[in-house]
């Protein structure tokens, strides 16, 4: 590799698989030799969260590997890393270590971007200082037609009604599912919640669905709001017991989420959840 190769630092997470971003990097390479480093920040869960080993970090790694493969296929030297930190801190550390010649930051559009809502891009621009800085906005859903569906369920996560609803949604159009289980409301121990969630994820994955899971904040409303702040969510499925048995419904969880997230919120009632086996 030429010593004159420009060192391009890319900061992106969900949008790292965007064709638009890849083409932008390819355009840079068309102007001369480049070395590309892609940093994919994954926010650490807030206090009280326990995240499964194969959830957001693993999903970010898969997206990153796909993009690195595309760049290398075009003959562009590229490497990358998933970092468990916020994007501003990730850029600050990468600038100090790599001394890049250019920084490219990729986000969703404002209505779907937690980074933009938290003003992280402007903070990153200040961190870059005199380094050329470009912010590219990409619509991954528009490019790929893949919807991000957030499912919130705890004791009902293994219910046949919910699993059938997820399968039916997967048949409608390409979708990726993140199931969050608020570990509260008398839902038993963490170990029981973990078993239920892991079994549900395993069962759906065995059928070829793109599904991930994590234990979340014990309050389901807070769990959903924080999830929409952390990453792009296009739809929400809420699973509860019938109203006579559901504290979530008595607190009008579905109505509050529809009003406050402005997202489509589907509601599934599960009468008798499946038993959890080892």
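Bear in mind these aren't lab numbers, they're just calculated from the coordinates by the rules spelled out. Computed from a predicted structure; not experimentally measured. Heads up, the Cβs are rebuilt from the backbone with ideal geometry, glycines too, and the neighbour counts pull from every protein chain shown.
Tabulated data for the structure shown
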item	result
Value of relative contact order over the range 6-142, rounded to a whole percent, pairs C-alpha under 8 Å and six or more apart	34
Estimated distance in nm for a label pair at residue 256 and residue 122, the labels positioned 7 Å out from Cα along Cα-to-Cβ	3.0
Label-point separation in nm, residue 23 to residue 89, each point 7 Å along Cα→Cβ	3.6
Percent of beta bridges antiparallel (DSSP, the range 145-269, rounded to nearest 5)	0
Nearest-0.05 FRET efficiency for residue 57 and residue 146, computed from C-beta distance (R0 25 Å)	0.85
Percent of beta bridges antiparallel (DSSP, the chain, rounded to nearest 5)	0
Estimated FRET transfer efficiency when R0 is 22 angstrom, pair residue 202-residue 111 (beta carbons, to 0.05)	0.05
Residues 189, 246, 216, sorted so that the one with the fewest Cβ neighbours within 10 Å comes first	189, 246, 216
Which of 99, 161 has the fewest Cβ neighbours within 10 Å, and the rest in rising order	99, 161
Cβ-derived FRET efficiency at R0 22 Å, residue 96 paired with residue 4, nearest 0.05	0.45
Ranked 115, 248, criterion: other C-beta atoms within 10 Å, fewest first	248, 115
The chain - mean residue ellipticity at 222 nm from DSSP helices (-39,500 (n - 2.57) per run, n ≥ 4, rounded to 500)	-12000 deg cm²/dmol
Packing-based ranking, highest mean first, of 82-95, 164-177 given that Cβ atoms within 10 Å are counted	82-95, 164-177
Directionally averaged shadow of the chain, computed from the convex hull of its alpha-carbon atoms, nm²	15.2
Protection proxy ranking, peptides 11-22, 28-39, 251-262, average beta carbon neighbours within 10 Å, highest first	11-22, 28-39, 251-262
